[in-house]
Amino acid sequence: MEASMVELMKKYLVDNVLILIPVLYYVGYLLKQSQNIPDKYIPWIITVVSIVFTICILGINVNSVIQGFLVAGATVMVNNYKKQLDKPNETLG
């Protein structure tokens, strides 16, 4: 499953913006630690920050906005994978 995730990232994300995934993950971590920001707003904040950062890297164009959404999605996906890996093993049945 992880190999397909990496393949999807390589296929759809520009190499220059891949560095934003760990950066945004850390921003999300800091936001989660803050008691002033409800959890439901964190993905939206990550998306806005991601779009701003991709515009800074790639310039102002439609592709930057699309890449910003994709990077934000990849960051949230990585966070969800980590949550699933941290769970104790569950048995079926």
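The values are calculated or read from the model by the stated rules, or taken from the named source; none is laboratory data. The shown structure was predicted, so the numbers you read here are calculated from the model rather than taken from an experiment. Note: ideal-geometry Cβ built from the backbone for every residue, glycine included; neighbour counts use all protein chains shown. Ligands, DNA and RNA are stripped out before the accessible areas are found, and what is left, the full protein with its side chains, is counted by its heavy atoms. Shrake-Rupley method; radii C 1.70, N 1.55, O 1.52, S 1.80 Å.
The table that follows gives values for the structure above.
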{"item": "Sole residue being under 11 Å from LEU20 (Cα atoms), in a helix (DSSP H, G or I) and open to solvent by 70 Å² or more (accessible area, probe 1.4 Å), chosen from ILE46, ILE57, ILE51", "result": "ILE57"}
{"item": "Pairs, first touching a residue at least 60 places away in the same chain (Cβ under 8 Å) and closer than 12 Å to VAL76 by Cα in segment 29-47, second part of a helix (DSSP H, G or I) and not β-branched (Val, Ile, Thr), C-beta under 7 Å, six or more apart", "result": "none"}
{"item": "Positions within segment 24-58 being in contact with a helix residue (DSSP H, G or I) (Cβ under 6 Å, 6 or more places away or on another chain) and not β-branched (Val, Ile, Thr), in sequence order", "result": "LEU24, TYR25, GLY28, LEU31, PRO43, SER50, PHE53, LEU58"}
{"item": "Residue in segment 64-83 that is touching a residue at least 60 places away in the same chain (Cβ under 8 Å), touching a helix residue (DSSP H, G or I) at 6+ places or on another chain (Cβ under 9 Å) and loosely packed, with under 14 Cβ neighbours inside 10 Å present", "result": "yes"}
